[in-house]
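Every number in this text was worked out from the coordinates using simple rules, so none of it is lab data. Treat the numbers as computed from the prediction; the structure is a model and nothing was measured.
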Amino acid sequence: MDLDNKENKYLRAKEQVACIKKFYTSLLFYLVFIGFLAWLNYYSNEWRYMWFLWAAFGWGIGLVFQAAKAFKWAPFMHKDWEDRKIREFMEKEEEMDNNSRWT
């Protein structure tokens, strides 16, 4: 049982590292692409209308949610929460099965 627990911890840690790596990759693409759009915006109208900020804002919102998941800022978005809820629902269902047998 101890070996299974260590393996589960290893798999969760590996998943966490993959999630953080994915976030950093997304951040890099965000910086490069928004930088390109900013340059294109300046080249086309010299900041008279900074339309690239709309793309930066929209994509930035998604990036914030991805960061929250990767760094576990939101307690409802990570694997431990999912595991706890699954156990909770399984226990409730088992309790209901046990109660229905006696009635």
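The angle separating the long axis of helix 79-102 from the principal Cα axis of greatest extent in the chain is about 30 degrees.
For the chain, the longest principal axis of the Cα atoms and the long axis of helix 52-70 meet at an angle of about 20 degrees. What lysines does Lys9 reach when the alpha-carbon gap must be under 22 Å and sequence neighbours fewer than 8 apart in one chain are set aside? Answer for Lys9, where 22 Å is the Cα cut-off: Lys21, Lys22, Lys69, Lys72, Lys79, Lys85, listed by chain and number.
For the chain, the percent of C-alpha pairs falling in each 10 Å distance bin, counted from 0 to the bin holding the largest distance, reads 13, 25, 22, 17, 12, 7, 3, 1. Compared with the dominant Cα axis of the chain, that is its longest principal axis, helix 2-45 is turned about 20°.
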